[in-house]
2 protein chains.
Amino acid sequence: AKIKPSHSKEMSYSNRGKTLEDDLNETNQYYLTNGIAVIHKKPTPIQIVDVHYPKRSAAIIKEAYFKQASTTDYNGVYKGKYIDFEAKETKSTASFPLKNFHDHQIKHMQAVTAQGGIAFVIMRFSITDTIYLMPAKELFVYWERMHAGGRKSITIQEVETTSTKIPLGFQPRIDYIKVIDLLIKENF
Amino acid sequence: AKIKPSHSKEMSYSNRGKTLEDDLNETNQYYLTNGIAVIHKKPTPIQIVDVHYPKRSAAIIKEAYFKQASTTDYNGVYKGKYIDFEAKETKSTASFPLKNFHDHQIKHMQAVTAQGGIAFVIMRFSITDTIYLMPAKELFVYWERMHAGGRKSITIQEVETTSTKIPLGFQPRIDYIKVIDLLIKENF
Ligand SMILES: [Mg+2]
Ligand SMILES: [Mg+2]
């Protein structure tokens, strides 16, 4: 009998109707449950304007706005080391647009890197259903190229050269800690 | 001329009208600006129920509720190491009530400790205006004592024995990284 690869066409990422965030949350839950790592998504920052306190029931927020995050999506600890990453998806197939990043996210990743933390991006090309881990120091090069007047995206060839592809699995879905292990061995 | 201590009665913590959170945020901002550490308060988790999307203006959250945090207040990186802490205040003078902690916060700190992260509590006794850093492993002892039927608080004598007092300063206000340095030397 032929063994069906776990990442077959019928079971593809897009078809599962899951977002990258869903899969990363499930992955982090798997890491937590199995004592592998403690990594959480940060709550979305909200600017609260008006709160009502009804008697005998919970406070209701009646007016609030989404604030732009000043840091990245996920952080936590793996073997004592600080882990920090941003997750981004694109529908583009030829390149990854840099407009997906905000200046303060880059600044945050630079500060983390300077402090000896492990910072990276998990990027998903949704059409081809491929996921890469790009170390932050590689992202900085393309960010600076853009600010020097260069292209506003990272070509798929550049992504393939500077990043590690993460195969999709069943459990955990996106086993990015395996890539981190490799990168720690190579001194990131 | 007599040198006025920065922590004199007239300038006391309570009189400044600042919360522990304000002072920790200013401290963390100082650490960030000076390249000492990258530590942020996590946003308050909110359950969003209803959002309106008016034309030509920002999305408005019309109904939302506060969720209980599943982790601690602050985390980040110092010299590559993962830092994680909870900040708590009490008006009690004789002891620190353990009801200030939630079970999932303790579980989170246990998972962080098991993963080699540096977890602790910054506790403020607001009446006497004193601030202590208690390593998480000390807190776990009192938590377990309570669950074994023991007292529901940590006496001030116990706090003094197991924790390090953090003197209030001008900049940074609550220099807890100095305590972390000491604890790292003593293998925490
Ligand atoms: Mg994101
Ligand atoms: Mg708190």
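The values are calculated or read from the model by the stated rules, or taken from the named source; none is laboratory data. Treat the numbers as computed from the prediction; the structure is a model and nothing was measured. When we count neighbours, we look across all protein chains shown, and the Cβ atoms used for this are built from the backbone with ideal geometry, even at glycine.
Okay, here's what the table says:
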| quantity | calculated |
| --- | --- |
| Yes/no for residue A:50 being charged (D, E, K, R), at pLDDT 90 or above and within 30 Å of residue B:29 (Cβ to Cβ) | yes |
| Any hit, the stretch A:142-150, residues being more than 24 Å from residue A:18 (Cα to Cα), of a type in the set (A, V, I, L, M, F, W, C), more than 16 Å from ligand 2 (Cβ to nearest atom) and touching a Pro at 6+ places or on another chain (Cβ under 9 Å) | no |
| Those residues of the stretch A:80-116 which are within 13 Å of chain B (Cβ to nearest Cβ), outside any helix (DSSP H, G or I) and touching a residue at least 24 places away in the same chain (Cβ under 8 Å), in sequence order | A:81, A:82, A:83, A:84, A:85, A:115, A:116 |
| Subset of the stretch B:40-69 (residues that are closer than 24 Å to residue A:119 by Cα, facing chain A (nearest Cβ under 7 Å) and touching a residue at least 12 places away in the same chain (Cβ under 8 Å)) | B:40, B:42, B:44, B:45 |
| So residue B:85, is it within 16 Å of ligand 2 (Cβ to nearest atom), farther than 28 Å from residue A:76 by Cα and at pLDDT 95 or above | no |
| Residue check, residue A:93 away from ligand 2 (no atom under 16 Å from the Cβ), within 15 Å of the chain's Cα centre (by Cα) and more than 20 Å from residue A:186 (Cα to Cα) | no |
| Residues of the stretch B:117-150 classified as more than 14 Å from chain A (Cβ to nearest Cβ) and touching a residue at least 24 places away in the same chain (Cβ under 8 Å), total | 22 |
| Residue among A:132, A:176 that alone is in contact with a Leu (Cβ under 9 Å, 6 or more places away or on another chain) and hydroxyl-bearing (Ser, Thr, Tyr) | A:176 |
| Members of the stretch A:70-79 that are within 15 Å of ligand 1 (Cβ to nearest atom), at pLDDT 95 or above and either facing chain B (nearest Cβ under 7 Å) or over 30 Å from residue B:116 (Cα atoms) (or both) | A:75 |
